[in-house]
Every structure is written in structure tokens, then in C-alpha cells.
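Chemist: One structure follows; several queries about it will come next.
The values are calculated or read from the model by the stated rules, or taken from the named source; none is laboratory data. Remember, it's a predicted structure, so these values are computed and weren't measured experimentally. When we count neighbours, we look across all protein chains shown, and the Cβ atoms used for this are built from the backbone with ideal geometry, even at glycine. Ligands, DNA and RNA are excluded from the accessible area calculation, which covers all protein heavy atoms including side chains. Shrake-Rupley method; radii C 1.70, N 1.55, O 1.52, S 1.80 Å.
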Amino acid sequence: MLHIGCHLSVSKGFYHMGKQALSIGADTFQFFTRNPRGASAKKLDLDDAAKLNELMAQNNFAPIVAHAPYTLNACSADENIRNLAKTMMAEDIKNLDNVSNVLYNFHPGSHVGQGVDIGIEFICQMLNEIMYEEQKSIILLETMAGKGSEVGSAFEELRRIIDGVNLSDKLGVCLDTCHVNDAGYDIVNNLDGVLEEFDRVIGIERLKAIHINDSINPLGAHKDRHAKIGEGHIGTDAFERIINHPYLRNLPFNLETPNDLDGYADEIKLLRGLYHE
Ligand code: FE
Ligand code: FE
Ligand code: ZN
């Protein structure tokens, strides 16, 4: 079965997202752990989390994805911003110990001109300070488009982060189809080759989740503008190959396309129709 869902708003709580996911034919979903533009998180409602856990178990949900705010930058040149990233992430992974079957995804960061080496060093430093042996969630590094000074648009950079983290058995990768296209990996004409490269550089067993987005921009544009499925440079045929690829077909896919709930329901239906059971 195709495990698919979309990005949902956490504003009405965890259980509400679970019900919403079911209503659009999803068996996974993603949410921001806090307002993406702000820093503050609502205090975790333990009852609400327990109700979601029950709903997910009853309905055989695939792992869900908690997304760190995209303003979080672990490798800023500003120490205050780096510390804020650390505080937020430490709080998030602690909270997520109360949610079952959840992956915690974040954008590795932007080095803002300090260079990739320093960026990677800061990212590893942060992860080494906040991760702990008993944490329940796996932390995912997202593949980035390479916009500005983003770290993580090359598989080699993600490999270096993994190599620099002590508890790296709790690290994985989330592959964003729009981002890898924009980073220059040709998943349209050479999906096998790209995934073989991923396997060679990172190890395919690290791949835990997919963000399934079309891209407004062509291969290698380094832009990061998501399009609806079939309305960008990746196209529906490529997505059919992506969701059915033996390396990918059992992973949770989450849409981050520009859609309202009805639009997401349509895309989920479209993709389920393209899946070979
Ligand atoms: Fe993301
Ligand atoms: Fe993404
Ligand atoms: Zn993006």
C-alpha cells in the first residue's frame, strides 16, 4: 500500500490532524512543531498526543513527520540564532517522546557565507549536544535545493553530518523531490542512478521519508519553489516511477504542494491510482 499524506496545520492539535488525515485518504501526515516563522511552541497536551497515538495504531498509520520550523538555523554566524535553534530542537525532541511512530525532520541550515565546512561543524555540534540515547524519534536531515548558502544539497554533505554525529544510529534522511531536482539530481531521466548514488554515498537504509513535490523550476535551478503534482518540471510520469521504485515504495510520502485540504485529497487519490499494488 502507498503510504501518503500531506502537510497539515497543528493549530487544532494532534488528534485533529489524525482525523483530517483520515478524511482525505491519508495514512501519514506532516506538521510544523511550532509556528514556522516564530519560535514559541504550545505546551504539549499529553491527552491529545495519547489520542493521536491510539488513532494511528487503530488505522495502521505509517510514521508521521514532525518538521522543525524552517527558520531554525543551526549554522548561523550569529551565536544567539544558533543557541535558539538548539533550544527549540532540544524541546521538540523531548516533546516527541510522547508521540509514537514520529520522525523529526529539519533543514540542516544555511552557513551564510562561513563556508560548508564551518556549517557542517556547527550542525554536528548542535546535534551532539541535544541528542540522547533514550530519545524515541529518529532525526531526519532534509535534502536541500541549494538555495543561497543552504547546507545539504549534495548527498556528500549529508554524509559528512552523519559522520560527525555520535548517536548517528538515530539519524536518517528525508528526500524532497523538488529539492533534489533543484539541486541537480535528475530524478526524471535517471531515477535509478540518483538512488544508486544516494545508496553509495549515504546508504539507502538511512532514507526514512519522502517529501513529494513537483518543482516550478528546472533541474539544477537551486531555487526551491514547490508545484502541484504534474504541474512542474518533474511531471506525473516521473512521480509514478518514484512512488513505485523498490527503494522508495514502502516509505511515507508527504505532499508539501500549494494546496488546500480538497486539493491534497485529489493529489492523494491521483497518486494512489498510479501505485502498483
Ligand atoms: Fe522542509
Ligand atoms: Fe520539504
Ligand atoms: Zn522546499
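Chemist: Looking only at the range 205-220, which residues are aliphatic (A, V, I, L, M) and within 16 Å of ligand 2 (Cβ to nearest atom)?
Modeler: If the condition is that a residue be aliphatic (A, V, I, L, M) and within 16 Å of ligand 2 (Cβ to nearest atom), then Leu207, Ala209, Ile210, Ile212, Ile216 are the ones that fit.
Chemist: State yes or no: is Asn217 surrounded by 14 or more Cβ atoms within 10 Å (Cβ to Cβ), away from ligand 1 (no atom under 16 Å from the Cβ) and not aliphatic (A, V, I, L, M)?
Modeler: When the stated conditions are applied, Asn217 passes them.
Chemist: Looking only at the range 132-173, count how many residues are at positive phi, surrounded by 15 or more Cβ atoms within 10 Å (Cβ to Cβ) and free of Cβ contacts under 8 Å to residues at least 60 places away in the same chain.
Modeler: So the count comes out to 1.
Chemist: Then there is this: Do the conditions hold for Gly184, that is, is it among the small types (Gly, Ala, Ser) and closer than 17 Å to Lys223 by Cα?
Modeler: The answer is yes for Gly184.
Chemist: Failed condition for Phe29, given (1) surrounded by fewer than 20 Cβ atoms within 10 Å (Cβ to Cβ); (2) of a type in the set (Phe, Trp, Tyr); (3) touching a helix residue (DSSP H, G or I) at 6+ places or on another chain (Cβ under 6 Å), with all others met?
Modeler: Only one criterion in (1) surrounded by fewer than 20 Cβ atoms within 10 Å (Cβ to Cβ); (2) of a type in the set (Phe, Trp, Tyr); (3) touching a helix residue (DSSP H, G or I) at 6+ places or on another chain (Cβ under 6 Å) is unmet by Phe29, namely (1).
Chemist: Counting only residues that are surrounded by fewer than 20 Cβ atoms within 10 Å (Cβ to Cβ) and touching a Leu at 6+ places or on another chain (Cβ under 7 Å), how many does the range 183-203 have?
Modeler: So the count comes out to 2.
Chemist: Collect the residues in the range 94-121 that are at negative phi, within 16 Å of ligand 2 (Cβ to nearest atom) and not hydroxyl-bearing (Ser, Thr, Tyr), keeping them in residue-number order.
Modeler: Scanning the range 94-121 gives Leu103, Asn105, Phe106, His107, Pro108.
Chemist: Going through the range 247-262 one residue at a time, which ones are assigned to a helix (DSSP H, G or I) and within 20 Å of the chain's Cα centre (by Cα)?
Modeler: Leu261
Chemist: Working only within the range 229-246, note down all residues that are in a loop (DSSP other than H, G, I, E, B) and crowded, with 17+ Cβ neighbours inside 10 Å.
Modeler: Answer for the range 229-246, where residues must be in a loop (DSSP other than H, G, I, E, B) and crowded, with 17+ Cβ neighbours inside 10 Å: Ile229, Gly232, His233, Ile234.
Chemist: Would you check which residues across the range 203-216 are touching a Phe, Trp or Tyr at 6+ places or on another chain (Cβ under 9 Å), away from ligand 3 (no atom under 16 Å from the Cβ) and more than 15 Å from Ile139 (Cα to Cα) and list them?
Modeler: Ile204
Chemist: Which count do you get for residues in the range 106-131 that are open to solvent by 60 Å² or more (accessible area, probe 1.4 Å) and either part of a loop (DSSP other than H, G, I, E, B) or at pLDDT below 95 (or both)?
Modeler: Counting residues in the range 106-131 that are open to solvent by 60 Å² or more (accessible area, probe 1.4 Å) and either part of a loop (DSSP other than H, G, I, E, B) or at pLDDT below 95 (or both) gives 2.
Chemist: Which one is nearest to ligand 2 (Cβ to nearest atom), of the residues in the range 57-71 that are open to solvent by 10 Å² or more (accessible area, probe 1.4 Å) and touching a residue at least 24 places away in the same chain (Cβ under 8 Å)?
Modeler: Tyr70
Chemist: Return the residues of the range 175-213 that are away from ligand 1 (no atom under 15 Å from the Cβ), not in a helix (DSSP H, G or I) and not aliphatic (A, V, I, L, M); say none if nothing qualifies.
Modeler: Hits for the range 175-213 are Gly184, Tyr185, Asp186, Asn189, Asn190, Gly203.
Chemist: Sticking with this one: Condition first: under 20 Å from Gly119 (Cβ atoms) and within 14 Å of ligand 2 (Cβ to nearest atom). Can you find one or more residues in the range 181-192 that meet it?
Modeler: Among the residues of the range 181-192, at least one is under 20 Å from Gly119 (Cβ atoms) and within 14 Å of ligand 2 (Cβ to nearest atom), which makes the answer yes.
Chemist: Continuing with the same structure: Need pairs with beta-carbon distance below 8 Å; first residue closer than 16 Å to Ile4 by Cβ and among the polar types (S, T, N, Q) and within the range 232-247, second modelled with pLDDT of 95 or more and not in a helix (DSSP H, G or I); sequence gap 6+ or separate chains.
Modeler: Final answer for the pair search is Thr236/Ile229; Thr236/Gly230; Asn244/Tyr275; Asn244/His276.
Chemist: Turning to a different aspect of this structure: Quick one: Pro69 ticks every box in (1) more than 24 Å from Asn254 (Cα to Cα); (2) modelled with pLDDT under 95; (3) of a type outside the set (D, E, K, R) except a single one, so which number is it?
Modeler: (1)
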